[in-house]
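These notes concern the structure reproduced below.
The values are calculated or read from the model by the stated rules, or taken from the named source; none is laboratory data. Worth saying up front: this structure is predicted, and the values here are computed from it rather than measured. Reconstructed Cβ throughout: ideal geometry from the backbone, glycine too, with neighbour counts over all protein chains shown.
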Amino acid sequence: MRVVTLHLTNYRSWKECGLAFHPQLSIVIGENGSGKTNILDALYLASYGRTLRGRDEDAIRWGERESSVRAIFRSEGGAERAVQVTLGPEGKSMFLGGRRLEGRTELVGLFPLVLSSSDDLDIVRGDPERRRNFLDAVASLLYRGYLDTLREYKRTLRQRNRILLEMALGRGGSMVSALAAWTERLVVLGEALLRKRLRSLEELGPQLSEYYRELVGGGRCAVRYLSRVDVDVDDLRAALEKALAVSAVEERERGMTLVGPHRDDLALEVDGTDLRKFGSRGQARAAALALRLAEAKLVASRGEPPILAVDDAFSDLDDRRAERLLAQTTGFQTILTSAEEARTRELLAARAAHGRVFRIRENQVMEEVLA
Ligand SMILES: Nc1ncnc2c1ncn2[C@@H]1O[C@H](COP(=O)(O)OP(=O)(O)OP(=O)(O)O)[C@@H](O)[C@H]1O
Ligand SMILES: [Mg+2]
């Protein structure tokens, strides 16, 4: 998949902005605050049907009533399709060609985009929830129905927690059989999630270590699933039941479900060092990039290669790693942003890269062709 053109009208800092992307490599260069991330945000909106940061309505340019983003995408086969997303006082409307879409789910997946932003450092260094969300997103790309199972699991979890809370407060005397029923449901759904997460990791892990090695030029990056459930056995269902049984007393004391997919985490290691706590900033950035590249590879293995967008592409990377990043993006249409003009131009010259540079100056986009 590739994005041919992108138009922003009253979108965040942009009154009007139009870009015609290069089929392979496009680089947006501009100072801090010049609107680079806003451009990627608009692309994200066209692909996922929601903004990357904050609420949709926050993306309307201050002082304006309505904003719109239009994109033309072209598939590998050459078919072009236009998407328009409009944000206004009546909310959001999305159009594919001329047809109005019912909701985001109709759009998601049609124009695959993998976006790496500076927030991705939190996948490596932030709370377990960030890593769970990342893995859930990958699993939902690979397994149809995963998101539905996840939603059902969360609903079941809320019900079960409500009962446990009553019990913890001493009011749940008559709820023992209800608890058993919710536990059974939780186990069924939890097992399905665990199995698909583990399978997703089996595919993601090798890609992650390969991309990390390519980016860094060495180092073994590995990812492992962390759980109070013993996930090294075939019978995950029995393992989950056992873990729940072990913590049953504690659960009733604390009034919540203490084991299961909602409590799990990923360990990310380089040469045995836990990146979550001890990695350098550059190592964490490289791992975050490698995770996104691995995600892009998995998406490509299921269908169209996604568009790859990397915000602040070269920050936290030394020159060698920055050059290696450029080398790793072949195979995807790639859109990079950078606030470091001189350095970016040197990197591009060193690689004799073909592509297009968009230079933002005074709220205008100037386009240059790289020889
Ligand atoms: N709804 C909005 N209306 C007008 N301006 C907005 C809106 N939302 C964000 N902005 C402005 O957009 C600007 C930030 O743009 P953006 O984040 O794209 O910059 P950037 O080029 O990515 O900068 P950096 O290099 O620091 O990452 C900010 O100055 C912010 O005030
Ligand atoms: Mg930015």
Residue within region 80-98 that is more than 16 Å from ligand 1 (Cβ to nearest atom) and in contact with a Ser or Thr (Cβ under 7 Å, 6 or more places away or on another chain) present: yes
Selection from region 263-318 of residues that are touching a Lys or Arg at 6+ places or on another chain (Cβ under 6 Å) and within 16 Å of ligand 2 (Cβ to nearest atom): 316
Condition broken by residue 16, with the remaining ones in (1) touching a residue at least 12 places away in the same chain (Cβ under 8 Å); (2) part of a strand (DSSP E or B); (3) surrounded by fewer than 17 Cβ atoms within 10 Å (Cβ to Cβ) satisfied: (1)
Filtered residues of region 109-133 (kept if more than 16 Å from ligand 2 (Cβ to nearest atom) and under 12 Å from residue 306 (Cα atoms)): 109, 110, 111, 112, 113, 114
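To keep it simple, each residue is scored yes or no on (1) within 13 Å of ligand 1 (Cβ to nearest atom); (2) within 20 Å of the chain's Cα centre (by Cα).
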{"site": "307", "(1), (2)": "no, yes"}
{"site": "314", "(1), (2)": "yes, yes"}
{"site": "328", "(1), (2)": "no, yes"}
{"site": "342", "(1), (2)": "no, no"}
Positions within region 19-42 being in contact (Cβ under 8 Å) with a residue 60 or more places away in the chain and within 13 Å of ligand 2 (Cβ to nearest atom), in sequence order: 28, 29, 30, 31, 32, 34, 35, 36, 37, 39, 40
Unique residue being more than 22 Å from residue 20 (Cβ to Cβ) and either more than 12 Å from ligand 1 (Cβ to nearest atom) or modelled with pLDDT under 95 (or both) when the list is 74, 104, 70: 104
Qualifying position, being under 20 Å from the mean Cα position of the chain (by Cα) and either farther than 22 Å from residue 202 by Cα or touching a residue at least 24 places away in the same chain (Cβ under 8 Å) (or both), among 165, 141: 141
Odd one out for residue 14 among (1) of a type outside the set (Ser, Thr, Tyr); (2) within 14 Å of ligand 2 (Cβ to nearest atom); (3) under 23 Å from the mean Cα position of the chain (by Cα): (3)
